[in-house]
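Below is one structure; the comments refer to it alone.
Derivation of every value follows stated rules applied to the coordinates shown; laboratory data play no part. What you see is a predicted model, and the numbers here were worked out from it, not measured in a lab. A quick note on method: Cβ atoms are made from the backbone with ideal geometry, for glycine too, and the neighbour counts reach across all protein chains shown.
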Amino acid sequence: MVKSTAHRQLEALKWRMPLAREQLYYLDHLQRGYEGEREFKKFVDSYIGEGAVTITDFIFSVNGTVRQIDAFIIFNDAVIIFEVKNYQGDYLFKKGEFYNTKYRDKIKSPIDQLDHTVILLNRLFKRIGIHIPIKSYVVFIGEDFHLYEAPRDLNIVMRSQLPNFLNELRLMYRRTDENTMKFVDTLNEFKHLEERRLHIDYSYDSLKKSLFCSDDGGELVLNNRTYYKCPKCNKKTSIEDVVLQAILDFYTLFPEKKLTISSLYNFTGGKISKYHYRKLLKKNFKRLGNGRSVHYTIDKVIE
């Protein structure tokens, strides 16, 4: 699964410049959401397998309204869509609303969000001539999540219910076939590719140039020319992973700049050798130009 542009932006900036409290809160929100969707995908891969097509993070628009679907499971005779929530702690369902019992505040109903998404998806299906029933569920993937006083007829699935629930789906609907794959190809043509970037005031010169541990911001040190180590938490990371992350960070923060060995070398404060940049760029990315004009292009984001 690929993180959103906004998520990657905030991660790339977190240790390179001070972020506002709201930005750090939003980053935490994005990270929890990403981890929840990744956990859900593991369940689907394990219990549904190749019996259906799974699509994650599908963004589409209808009449100017943009919606994101966390996950699709597409069978031959049904489309199941999921809103995945990685909430933790105790919540109360009362008169159609969700309340966080710790802070005693009302949160936006994921069921209402999903209902609006189904309406828009039905419009999209009608527009492109697809006639297949849509079912929808909210999945609460958090291990420490509890929802009180929720009626049984709500389309919600708790983490502990997922194995049985997904097995039932697999047995209930027909496996994908050639027609299903044509439907998936048609659907992907309407995927909204333009991702929203956050408007944060930063420049190349204003950012700290170094390598940082993703967990605590410690400045990474090369050990025995085999791996990088964080002096704060002692976490070890392979050279390849560190180099690829540095390339992704630079590309995310400065998509308008040419991806060159010199620009990357300076971006990380000289802590990654030009040899390692050259080796990884040649292996993973497309080279353009000759001589001093050599630069590289990223066709797709590597996670």
Taking a ≥ b ≥ c as the square roots of the eigenvalues of the Cα gyration tensor of the stretch 221-297, is the shape rounded (a/c under 1.5), prolate (a/b larger than b/c) or oblate? prolate
Phi angles of the stretch 49-60, converted by Karplus (6.51 cos²θ - 1.76 cosθ + 1.60, θ = phi - 60°) into ³J(HN,Hα) in whole Hz with x for Gly and Pro, give x, 8, x, 8, 9, 10, 10, 10, 6, 8, 9, 9
A correct Karplus calculation of ³J(HN,Hα) over the stretch 135-152, with 6.51 cos²θ - 1.76 cosθ + 1.60, θ = phi - 60°, whole Hz and x for Gly and Pro, returns 10, 9, 9, 9, 10, 9, 8, x, 5, 9, 9, 9, 10, 9, 6, 8, x, 6
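Tell me what the chain gives for mean residue ellipticity at 222 nm when only DSSP H runs of n ≥ 4 count, each as -39,500 (n - 2.57), the sum divided by the residue total, rounded to 500 deg cm²/dmol. Walk me through the numbers before you get to the answer.
Details: 8 runs with 110 residues, N = 303.
It comes out at -11500 deg cm²/dmol, rounded to the nearest 500.
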Students often forget the sequence filter, so: which aspartates and glutamates lie under 15 Å Cα-Cα from LYS102 once same-chain residues fewer than 8 apart are removed? ASP90, ASP144
Net charge near SER293, counting Lys/Arg +1 and Asp/Glu -1 over other residues with Cβ under 12 Å of its Cβ? +3
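How would you rank 165-172, 1-8, highest first, on the average number of other Cβ atoms within 10 Å across their residues?
Details: 165-172: 14.8, 1-8: 17.1.
My ranking of the peptides, most packed first, is 1-8, 165-172.
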In terms of modelled amide H atoms, which long-range or inter-chain residues lie less than 5 Å from the amide H of LYS235? CYS230
What percent do you get for the relative contact order of the chain when only Cα pairs under 8 Å and 6+ apart count? 18
Descending Cα extents along the principal axes, the stretch 122-173, whole Å: 42, 24, 19
So how do 53-59, 74-80, 284-290 stack up, highest first, on mean other-Cβ count within 10 Å? 74-80, 53-59, 284-290
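Once you charge only the Cβ atoms, +1 for Lys and Arg and -1 for Asp and Glu, what is the size of the charge dipole of the chain about its Cα centre, to the nearest 20 debye? Don't jump to the answer; show the numbers that get you there.
Details: 49 positive and 39 negative charges, 267 e Å.
Approximately 1280 debye in magnitude.
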Filter on LYS95/LYS191; LYS3/LYS42; LYS41/LYS135; LYS85/LYS235 - keep pairs with C-alpha separation over 26 Å: LYS95/LYS191; LYS85/LYS235
If amide hydrogens are placed 1.01 Å from N in the peptide plane, which non-local residues have theirs closer than 5 Å to the one on PHE212? LEU220
Options (1) 122; (2) 150; (3) 177 - which one matches volume of the Cα convex hull per residue in Å³ as calculated here: (3)
For a quick protection proxy, order the peptides 270-282, 96-108 by their average other-Cβ count within 10 Å, most packed first. 270-282, 96-108
Compute the Cα gyration tensor for the stretch 8-113, then decide on rounded, prolate or oblate, letting a ≥ b ≥ c be the square roots of its eigenvalues: rounded whenever a/c is under 1.5, prolate when a/b is larger than b/c in the other cases, and oblate in all that remain. oblate
Which whole-Hz couplings ³J(HN,Hα) result when phi for each residue of the stretch 241-256 is put into the Karplus expression 6.51 cos²θ - 1.76 cosθ + 1.60, θ = phi - 60°, listed in order with x for Gly and Pro? 5, 5, 5, 5, 5, 5, 5, 5, 4, 4, 4, 5, 7, 9, x, 7
Summing +1 for each Lys or Arg and -1 for each Asp or Glu, what net charge is found among the other residues whose Cβ lies under 13 Å from the Cβ of GLY51? -2
